[in-house]
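The values are calculated or read from the model by the stated rules, or taken from the named source; none is laboratory data. What you see is a predicted model; the values in this text were computed from it and never measured. Here the Cβ positions follow ideal geometry from the backbone for every residue, glycine too, while neighbour counts run over all protein chains shown.
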Amino acid sequence: MPAKIIDGKKIASSFLENIKKRVKEIKESPGLAIVLVGNNPASEIYVNFKEKTCKEVGFYCERYNLDEGIKQSELLNLIDKLNQNKKIHGIIVQLPLPKHINEHLVIDSILPHKDADGFTPLSLGNLVNDNNMLLPATARACIELIKSTGQNIEGKNAVVVGRSKIVGKPTALLLLQENATVTLCHSKTKNLEEHTKNADILVVACGKPRFIKKGMVGKNAIVIDVGINRVMGKVVGDVDFESVKEIASYITPVPGGVGPMTIAMLLDNTLKAAEIAAKM
Ligand code: NAP
């Protein structure tokens, strides 16, 4: 039987409905600042979508489109102003940044309680300490999508392909928090398919179009495809959806899987930050 499709768009929209309700319960609208540097077409699409969704749920949104050649010091000044701005509860800087800008320095300059993406060292350190303040949005999205299947994570073999700071590592840590037995694979992993085939839960974030094929997936696995790749004008994931859906029990599509859920988690982080600010 072909895999059941995990409809990220539908699941995200029910999270967004819940966010809308919570927004009405707090005095001041949550505020999100979105900073985009340069004209990377993919980044522009992501930012447009984030801004649109932000407004739909009743957030206050400030968007900054900055010139590709902006000086690092000017960008840091802007972050500093946003850190001080009481109307702004969450700040995201769309990655990647141009090469002349030190990405770490910029991300590290965001105040941890405004870190809507969950990328600052404090947010990542909190995650290691099982203190779930503002978690990396894509990692949270993966966990919510796995939970939406109704299957238990505890005790399962979970394999994550990709160890980036923003996706692979935090996803592995969250799976560990859920008591899965976690294997984290990367480009130097030997015999990758021996690991992936053994997975009850397989999360793929390696940035390689249709990299995971049917023969690399175990029967009845839950497959979460984080990848977003453009191939001949089409958006495809890191999993070969058509072949893998024949063997998996559940699978996320691309587009319409992890992407929309990531945005819902980003807004949920911003709302959480606004709720904390309102209590202070
Ligand atoms: P990244 O920083 O480029 O990291 C890729 C990871 O994959 C690295 O850890 C790399 O290993 C590993 N890798 C590369 N080739 C491999 C191979 N042959 N076998 C096993 N592992 C391999 O990418 P990322 O930022 O994590 O993003 C991954 C994908 O997710 C991209 O397609 C990106 O567009 C997408 N993405 C989607 C969302 C969303 O909301 N849906 C959010 C973020 C990213 P090494 O560490 O050894 O180099």
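Here residue 65 clears all of (1) in a loop (DSSP other than H, G, I, E, B); (2) within 22 Å of residue 38 (Cβ to Cβ) except the condition numbered (1). Taking the criterion of being part of a loop (DSSP other than H, G, I, E, B) and within 18 Å of residue 44 (Cβ to Cβ), the residues of region 79-96 that qualify are 94, 95, 96.
Within region 160-173, restricting attention to residues that are closer than 22 Å to residue 104 by Cβ and not in a loop (DSSP other than H, G, I, E, B), which residue is nearest to the ligand (Cβ to nearest atom)? Walk me through how you get there before you give the answer.
Restricting attention to region 160-173, the residues satisfying the condition of being closer than 22 Å to residue 104 by Cβ are 162-173.
Next cut, not in a loop (DSSP other than H, G, I, E, B) only: 168-173.
On the way: 168: 5, 169: 8, 170: 10, 171: 9, 172: 11, 173: 14 Å.
Among them, the one singled out is 168.
Tell me, please, whether a residue that is away from the ligand (no atom under 16 Å from the Cβ), without any contact (Cβ under 8 Å) to a residue 12 or more places away in the chain and either crowded, with 19+ Cβ neighbours inside 10 Å or over 21 Å from the mean Cα position of the chain (by Cα) (or both) can be found in region 151-159.
Yes, the conditions are met somewhere in region 151-159.
Checking each residue in region 122-138 for being within 14 Å of the ligand (Cβ to nearest atom), touching a Leu at 6+ places or on another chain (Cβ under 7 Å) and assigned to a helix (DSSP H, G or I) picks out only 137.
Could you go through region 74-92 and let me know if any residue there is of a type in the set (Val, Ile, Thr) and within 19 Å of the chain's Cα centre (by Cα).
Residues of region 74-92 of a type in the set (Val, Ile, Thr): 79, 88, 91-92.
Restricting the remaining residues to those that are within 19 Å of the chain's Cα centre (by Cα) gives 91-92.
Yes, because at least one residue in region 74-92 is of a type in the set (Val, Ile, Thr) and within 19 Å of the chain's Cα centre (by Cα).
Residue 255: within 14 Å of the ligand (Cβ to nearest atom), modelled with pLDDT of 95 or more, surrounded by fewer than 18 Cβ atoms within 10 Å (Cβ to Cβ) and not polar (S, T, N, Q), yes or no?
Working: within 14 Å of the ligand (Cβ to nearest atom): yes; modelled with pLDDT of 95 or more: yes; surrounded by fewer than 18 Cβ atoms within 10 Å (Cβ to Cβ): yes; not polar (S, T, N, Q): yes.
It is true that residue 255 is within 14 Å of the ligand (Cβ to nearest atom), modelled with pLDDT of 95 or more, surrounded by fewer than 18 Cβ atoms within 10 Å (Cβ to Cβ) and not polar (S, T, N, Q).
Contact map, region 200-215: residues that are touching a residue at least 24 places away in the same chain (Cβ under 8 Å) and in a strand (DSSP E or B) paired with residues that are among the charged types (D, E, K, R) and within 12 Å of the ligand (Cβ to nearest atom), Cβ distance under 8 Å, separation 6+ or inter-chain. Pairs shown: 204/225; 204/238; 212/225; 212/238. Checking each residue in region 45-62 for being in contact with a strand residue (DSSP E or B) (Cβ under 8 Å, 6 or more places away or on another chain) and either surrounded by 21 or more Cβ atoms within 10 Å (Cβ to Cβ) or not in a strand (DSSP E or B) (or both) picks out 47, 50, 51, 54, 55, 59. Please verify whether region 188-197 includes one or more residues that are part of a strand (DSSP E or B) and out of contact with any His (no Cβ under 9 Å at 6 or more places or on another chain). Checking region 188-197: not a single residue is part of a strand (DSSP E or B) and out of contact with any His (no Cβ under 9 Å at 6 or more places or on another chain). For region 180-206, the candidate set comprises residues that are away from the ligand (no atom under 11 Å from the Cβ) and closer than 21 Å to residue 138 by Cβ; within that set, the residue that is surrounded by the most Cβ atoms within 10 Å (Cβ to Cβ) is 202. I'd like to know if region 239-251 contains one or more residues that are polar (S, T, N, Q) and near the ligand (Cβ under 10 Å from one of its atoms). No, region 239-251 contains no residue that is polar (S, T, N, Q) and near the ligand (Cβ under 10 Å from one of its atoms).
For region 235-247, a residue qualifies if it is farther than 10 Å from residue 212 by Cβ and either part of a loop (DSSP other than H, G, I, E, B) or in contact with a helix residue (DSSP H, G or I) (Cβ under 7 Å, 6 or more places away or on another chain) (or both), and the qualifying residues are 245, 246, 247.
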